[in-house]
1. Among the residues that make up the range A:73-82, is at least one of them in the same structural domain as A:TYR35 (by TED's automatic domain parsing), open to solvent by less than 40 Å² (accessible area, probe 1.4 Å) and touching a His at 6+ places or on another chain (Cβ under 9 Å)?
2. Out of curiosity, is A:ALA305 within 8 Å of RNA strand B (Cβ to nearest atom) and not aromatic (Phe, Trp, Tyr)?
3. Can you tell me which residues in the range A:1-22 are in a loop (DSSP other than H, G, I, E, B) and of a type in the set (A, V, I, L, M)?
4. Conditions: (1) at pLDDT 95 or above; (2) open to solvent by less than 80 Å² (accessible area, probe 1.4 Å). A:PRO297 meets all but one. Number of the miss?
5. Take A:ALA27 and decide whether it is within 10 Å of RNA strand B (Cβ to nearest atom), without any contact (Cβ under 8 Å) to a residue 24 or more places away in the chain, aliphatic (A, V, I, L, M) and open to solvent by 40 Å² or more (accessible area, probe 1.4 Å).
6. Output the residue which, of all residues in the range A:180-192 that are more than 14 Å from A:GLY56 (Cβ to Cβ) and not in a loop (DSSP other than H, G, I, E, B), is least open to solvent (accessible area, probe 1.4 Å).
7. Among the candidates A:ALA328, A:ALA343, which residue alone is touching a residue at least 24 places away in the same chain (Cβ under 8 Å), surrounded by 12 or more Cβ atoms within 10 Å (Cβ to Cβ) and more than 8 Å from RNA strand B (Cβ to nearest atom)?
8. Going through the range A:94-112 one residue at a time, which ones are of a type outside the set (Phe, Trp, Tyr), over 14 Å from A:ILE131 (Cα atoms) and surrounded by 19 or more Cβ atoms within 10 Å (Cβ to Cβ)?
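The values are calculated or read from the model by the stated rules, or taken from the named source; none is laboratory data. These numbers come from a predicted model, not from an experiment. All Cβ positions, glycine included, derive from the backbone under ideal geometry; neighbour counts span all protein chains shown. What goes into the accessible areas is simple: the full protein's heavy atoms, side chains included, and nothing from ligands, DNA or RNA. Shrake-Rupley method; radii C 1.70, N 1.55, O 1.52, S 1.80 Å.
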Amino acid sequence: MYKAPRGTFDILPQEQAYWKYVEGKVAFLCQLYGYQPLSTPIFEDSELFTHAVAGGTDLVDKEMYTFEDRKGQKLALRAEGTAPVCRAYLEHGLFNLAQPVKLYYIGPAFRYERPQAGRYRQHHQFGFEAIGSADPALDAEVIEMAQRFFFSLGLSQFSINLNSIGCKLCQPKYVEALQEHYSDYTEQLCPDCKVRLVRNPLRLLDCKKASCQKIAETAPKTVNYLCPECQAHFQSVQKYLGALGITFQLNHRLVRGLDYYTRTVFEIEPQEEGTQQSALGGGGRYDNLIEELGGKPTPAVGFAAGIERLILNLKRQKIAVPSLPTPAAFIACLGEEAKIEAAKLASALRKNGIAVIEATGDKSLKAQLRQANALGAIYTIIIGKQEMENRTIILRDMRNGEQKAIPQTEIITALKQGETA
RNA sequence: GUGAGCGUAGCCCAGUGGUUAAGGCGCCAGGUUGUGGCCCUGGAGAUCGUGGGUUCAAAUCCCACCGUUCACCCCA
């Protein structure tokens, strides 16, 4: 027997209500804030990701799904959402539109990791990106939008962590100070952090090991090394957030795992009893990325959330989602001739936009009604010998069991009335 | 990549060495020879993850492999 590959899963019909719910909220929210949908391919030049996200990150070093096509072209399954959006922005000259350009996407991303709760090899991300403005008001708007997104889903048990990690000018100085601080403790560092110290020093800060945490606590803070411009930007972001009534926590250890971030970084994490400390979503500014990918210097800011984790939290917080629509009618029939009549009727109803399901096989009426019930049909239409003779049908309301015989010609109007009733 | 737990019908699971592997959900059928949901009755459905070993005897004990879950790591 074949199985879905490790870390992937089928989303069965019974589960789809959650997905449709989230997708609906996404579309509404993005419309509200002026973001337009963008779909990008499921695979890209693998260099797009290695260049954008950069080495030293786990994503690029050990989690990418890369492969060669038949001509030896090096490709990678979409590892994250931002780089492809930037690529599309450049490729299609979207910098010619009024700036900032606001785009959103929703789709799968792939990472080779060992699966566990809320972590998969194929997961789905929703994200939005505002490209072409350095205005701190936009950072605040993005954060507010992220918050509104969670609220609109019904989620409230989360907190917003905020930090600024500076720019090309000030970050190197900070990194130097950080390395200097850590160099006093080299012997006490965990093996991972010894590597980080050289390859990706910022990530030293969020090591979870107790021994490393102690060192991180006394480490210099990014905010104390910001250049005047970054300092002003960060202050302004906080001022706007205050004006918007957004509560957030400054977290000096928040650095994010992808290297393209500059200045503002933020993360949404659930604050529930459980141990689960995986981020629900995160984002920040990436003012150098477009330039890195071959464009003109173009500031940008964005956010992404994982759909599976959202749904996990919807379930944990017992948030009910609307169920998928059920058919308006089920057509039951008895006898060969009635079955032909049923097929004609089903076709006519569908032509009028009424969702119907026909009985198949030749089950007993009891079995057919059982099926109508299981399908959640609002009405069952019954056609038997007697109805064939009278040119009528029986219309049974499954909600209360009331039924009546009506002329076949009146069925469409009857059902349309019933739908609004 | 590291560590731990778990693999018995579509799903949840009982069963810790000895007759035909139990139950619940779901499915199918009957109880009304043309009427669902509740109830009652019956039925179908299991190479007990795979391979090897111990034993007179293994779902049960041992080993390996595979799968899966959770945690670390990392992130969505």
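1. For the range A:73-82, residues in the same structural domain as A:TYR35 (by TED's automatic domain parsing), open to solvent by less than 40 Å² (accessible area, probe 1.4 Å) and touching a His at 6+ places or on another chain (Cβ under 9 Å): absent.
2. Numbers: within 8 Å of RNA strand B (Cβ to nearest atom): yes; not aromatic (Phe, Trp, Tyr): yes.
Criteria met by A:ALA305.
3. Narrowing the range A:1-22 to residues in a loop (DSSP other than H, G, I, E, B): A:1-12.
Selection gives A:MET1, A:ALA4, A:ILE11, A:LEU12.
4. (2)
5. Numbers: within 10 Å of RNA strand B (Cβ to nearest atom): no; without any contact (Cβ under 8 Å) to a residue 24 or more places away in the chain: yes; aliphatic (A, V, I, L, M): yes; open to solvent by 40 Å² or more (accessible area, probe 1.4 Å): yes.
The answer is no for A:ALA27.
6. A:TYR182
7. On the way: A:ALA343 fails: touching a residue at least 24 places away in the same chain (Cβ under 8 Å).
The conditions single out A:ALA328.
8. Residues of the range A:94-112 of a type outside the set (Phe, Trp, Tyr): A:94, A:96-103, A:106-109, A:111.
Keeping just the survivors that are over 14 Å from A:ILE131 (Cα atoms) gives A:106-109, A:111.
Within the range A:94-112, A:ILE106, A:ALA109, A:ARG111 meet the criteria.
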